[in-house]
Amino acid sequence: MTASTLRPRRSALYMPAANERALEKAKTIAADAIIFDLEDAVAPDAKEVARANAVAAASSGEYGHRELTIRCNGLDTPWGLDDLRAAATSGASAVVIPKVGSVSYLDQVSDVLDSAGAPAAMRIWAMVETPTAVFDVRALAHHPRVSVLVMGTNDLARELRAQLGTAGRHPLVPHLATALAAAREADIDILDGVFNDVKDLDGFRAECVQGFEMGFDGKTLIHPGQVEPCNDVWAPSADDVENARALIATFEAALAEGKGVVTHNGRMIENLHVANAQRVLAVADAIARLA
């Protein structure tokens, strides 16, 4: 991914597609991505209405810079096939697929999209929320249509019989790290899972910081009040940008002078530090383009 094609995905907000007021509000929320949800947030008797609402929203052109996706029901449900067929030509950039467990399942999803007229550019965001997905995550990440992995931490914790809400999420950290490594190997993005207590903004911010420090590209959210702190954590600060520019300038000046050892602010630096600094600037520029 180059600096010119980098797309910020700091915050991806689930919005229940059956709730028309929520869909209208989403037009003004500063999330980088919106996930119009047809699955967990929608009751069975509202599935068809939600599907129609999501398609109308994705095709409306009224959501500005926000990346629009649709979370479909699984193909093993009564609604999944119709969800995919409707999403295929909705204008959404991707479908979010829950409980992905195999490459063959992703192939089925991709075949349905193609047969329903989806553009070749439509991607799959594959949800990693089962032990099977964790074990097979390298193969899932390399599927040609997958552009983002999404951690489904609630379902994963349930299937592992792990306790949610533990300090530092230590029961899930190994599995988060495994999926993160797979995403990096495949050169795709990966989003951290949701934080359930919408009133605990301090706890939410701490979990954002943890996800950022681990290397996630952003986080999925369940409440609009989580967007601003999430965006803040994943955005380079003014000091970060200034230091990145200074580091690159120091390194380039040293190379021009033929120096074999380069120091910046008292620390030795090399190509990897320059690459990190260049990414900081690329992310900052990409965020600025959203304004």
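The values are calculated or read from the model by the stated rules, or taken from the named source; none is laboratory data. Keep in mind it's a predicted model, so treat the numbers as computed, not measured. Cβ placement follows ideal geometry from the backbone for every residue including glycine, while neighbour counts extend to all protein chains displayed.
Starting from residues that are assigned to a loop (DSSP other than H, G, I, E, B) and in contact (Cβ under 8 Å) with a residue 24 or more places away in the chain, keep the ones in segment 233-291 and report whichever is farthest from Arg66 (Cα to Cα).
Pro236
How many residues does segment 58-73 hold that are assigned to a loop (DSSP other than H, G, I, E, B), out of contact with any Phe, Trp or Tyr (no Cβ under 9 Å at 6 or more places or on another chain) and not polar (S, T, N, Q)?
6
Go through segment 2-24 and give me each residue that's closer than 22 Å to Cys208 by Cβ and in contact (Cβ under 8 Å) with a residue 40 or more places away in the chain.
Leu6, Arg7, Pro8, Arg9, Arg10, Ser11, Ala12, Leu13, Tyr14
State all residues of segment 48-87 that are surrounded by fewer than 21 Cβ atoms within 10 Å (Cβ to Cβ) and touching a Leu at 6+ places or on another chain (Cβ under 8 Å); if no residue qualifies, say none.
The answer is His65, Leu75, Trp79, Leu81.
Of (1) part of a loop (DSSP other than H, G, I, E, B); (2) under 26 Å from Tyr105 (Cβ atoms), Met15 satisfies all except one. Which?
(1)
Based on this model, can you work out whether Phe216 counts as out of contact with any Gly (no Cβ under 8 Å at 6 or more places or on another chain) and not assigned by TED's automatic domain parsing to the domain that holds Asn276? So that I can check it myself, show each step before the final result.
Values: out of contact with any Gly (no Cβ under 8 Å at 6 or more places or on another chain): yes; not assigned by TED's automatic domain parsing to the domain that holds Asn276: yes.
Yes: the conditions hold for Phe216.
Does segment 268-275 contain at least one residue that is small (Gly, Ala, Ser) and surrounded by 13 or more Cβ atoms within 10 Å (Cβ to Cβ)?
Checking segment 268-275: not a single residue is small (Gly, Ala, Ser) and surrounded by 13 or more Cβ atoms within 10 Å (Cβ to Cβ).
Considering segment 205-222 alone, what residues qualify as being surrounded by 15 or more Cβ atoms within 10 Å (Cβ to Cβ) and within 24 Å of Ser147 (Cα to Cα)?
If the condition is that a residue be surrounded by 15 or more Cβ atoms within 10 Å (Cβ to Cβ) and within 24 Å of Ser147 (Cα to Cα), then Glu207, Cys208, Gln210, Gly211, Phe212, Phe216, Asp217, Gly218, Lys219, Thr220, Leu221, Ile222 are the ones that fit.
Looking at (1) modelled with pLDDT of 95 or more; (2) within 21 Å of the chain's Cα centre (by Cα); (3) more than 17 Å from Arg123 (Cβ to Cβ), can you tell me which one Ala41 breaks?
(1)
Could you list all residues from segment 217-239 that are closer than 13 Å to Gly193 by Cα and among the aliphatic types (A, V, I, L, M)?
Leu221, Ile222
Look at Ala179 and say whether it is touching a strand residue (DSSP E or B) at 6+ places or on another chain (Cβ under 7 Å) and modelled with pLDDT of 95 or more. Break it down into steps so the answer makes sense when it comes.
Values: touching a strand residue (DSSP E or B) at 6+ places or on another chain (Cβ under 7 Å): yes; modelled with pLDDT of 95 or more: yes.
Spelling it out, Ala179 is indeed touching a strand residue (DSSP E or B) at 6+ places or on another chain (Cβ under 7 Å) and modelled with pLDDT of 95 or more.
I need a count of the residues in segment 1-50 that are of a type in the set (Lys, Arg), touching a Phe, Trp or Tyr at 6+ places or on another chain (Cβ under 8 Å) and closer than 18 Å to Gly218 by Cα. Walk me through how you get there before you give the answer.
Residues of segment 1-50 that are of a type in the set (Lys, Arg), as a first pass: 7, 9-10, 21, 25, 27, 47.
Retained after the next criterion (residues that are touching a Phe, Trp or Tyr at 6+ places or on another chain (Cβ under 8 Å)): 10, 27, 47.
Next cut, closer than 18 Å to Gly218 by Cα only: 10.
Qualifying residue count for the region: 1.
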